[in-house]
Amino acid sequence: MPDLTELIAAARSGDSSAEEQLFSHLYLDLRQLARSRLKHSTPCALLDTTVLVHEAYLRLHQAGYVSIADRSHFLAYAGRAMRCIVVDFVRKQNRAHRDDRDARVLVDPASLSTGQREILLVDQALSELAAFSDRLVRVVEMRYFAGMSDVEIAEALSLNERTVRRDWEKARMILAAALK
């Protein structure tokens with residue numbers, strides 16, 4: 001098996017063969033991420049694991065792997081992409097029928113299902129958290145959305161595990177208050 005870091009570097013430089021190999025080697029990890037993400041997003045019945053993985057792949061491809069250095073960064077970025085895909089999906093399902101088809105415009109929040117409201121509230125809370133600390137948002141995305149361990153998060157963010165645990169606890173308290 002080729003070194004994933006080398007495959008990522010080759011994909012970043014435009015090697016389509018390396019990109020295919022990378023996707024192939026990480027496909028099961030991406031499916032696990034997608035399954036986990038969709039488990040928390042019950043209103044997305046039309047969005048299945050395979051579709052979510054392939055949509056995340058397209059976003060990774062379009063971004064050109066610019067900031068991805070290794071497996072941890074890859075999975076963290078994929079987790080963030082999957083979060084965005086699920087939120088966009090909910091917004092598109094519920095957008096107002098206007099000529100400009102702005103996905104950010106929602107119908108009356110009372111008409112949303114509980115799960116859909118929850119997804120949008122969590123996304124809004126994470127956006128508010130980003131104003132306080134982008135690093136806390138990345139810790140939440142990596143842990144909650146990408147299912148990464150404290151060790152993997154610490155490695156990806158060049159932090160120590162203790163800092164990651166403190167960031168996670170701080171983020172949980174802030175998000176809990178924001179979601180009340």
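Select from region 134-147 the residues that are hydrophobic (A, V, I, L, M, F, W, C) and over 17 Å from Val87 (Cα atoms) and write down the one among them that is surrounded by the fewest Cβ atoms within 10 Å (Cβ to Cβ). Going through the qualifying residues, I end up with Leu136.
Looking across region 124-159, the residues that are of a type in the set (Lys, Arg) and free of Cβ contacts under 8 Å to residues at least 40 places away in the same chain come down to Arg135, Arg143. Output yes when any residue across region 38-49 is in contact with a helix residue (DSSP H, G or I) (Cβ under 8 Å, 6 or more places away or on another chain) and at pLDDT 85 or above, and no when none is. No.
Inside region 127-147, can you point out the residues that are more than 14 Å from Ala178 (Cβ to Cβ) and charged (D, E, K, R)?
Within region 127-147, Asp134, Arg135, Arg138, Glu141, Arg143 qualify.
Scanning region 50-77 for residues being surrounded by fewer than 22 Cβ atoms within 10 Å (Cβ to Cβ), of a type in the set (Val, Ile, Thr) and modelled with pLDDT of 80 or more gives a total of 2.
Considering (1) farther than 20 Å from Ser149 by Cβ; (2) at pLDDT 80 or above; (3) under 18 Å from the mean Cα position of the chain (by Cα); (4) surrounded by 12 or more Cβ atoms within 10 Å (Cβ to Cβ), the lone condition that Arg80 does not fulfil carries the number (1).
Among the candidates Ala154, Ala131, single out the residue that is surrounded by 14 or more Cβ atoms within 10 Å (Cβ to Cβ) and not charged (D, E, K, R).
Ala154
Condition first: modelled with pLDDT of 65 or more and buried (at least 16 other Cβ atoms within 10 Å of the Cβ). Can you find one or more residues in region 101-116 that meet it?
yes
The values are calculated or read from the model by the stated rules, or taken from the named source; none is laboratory data. Keep in mind that what you see is a predicted model, and the values were worked out from it rather than measured. As a convention, Cβ positions derive from the backbone with ideal geometry for all residues, glycine included, and neighbour counts pool all protein chains shown.
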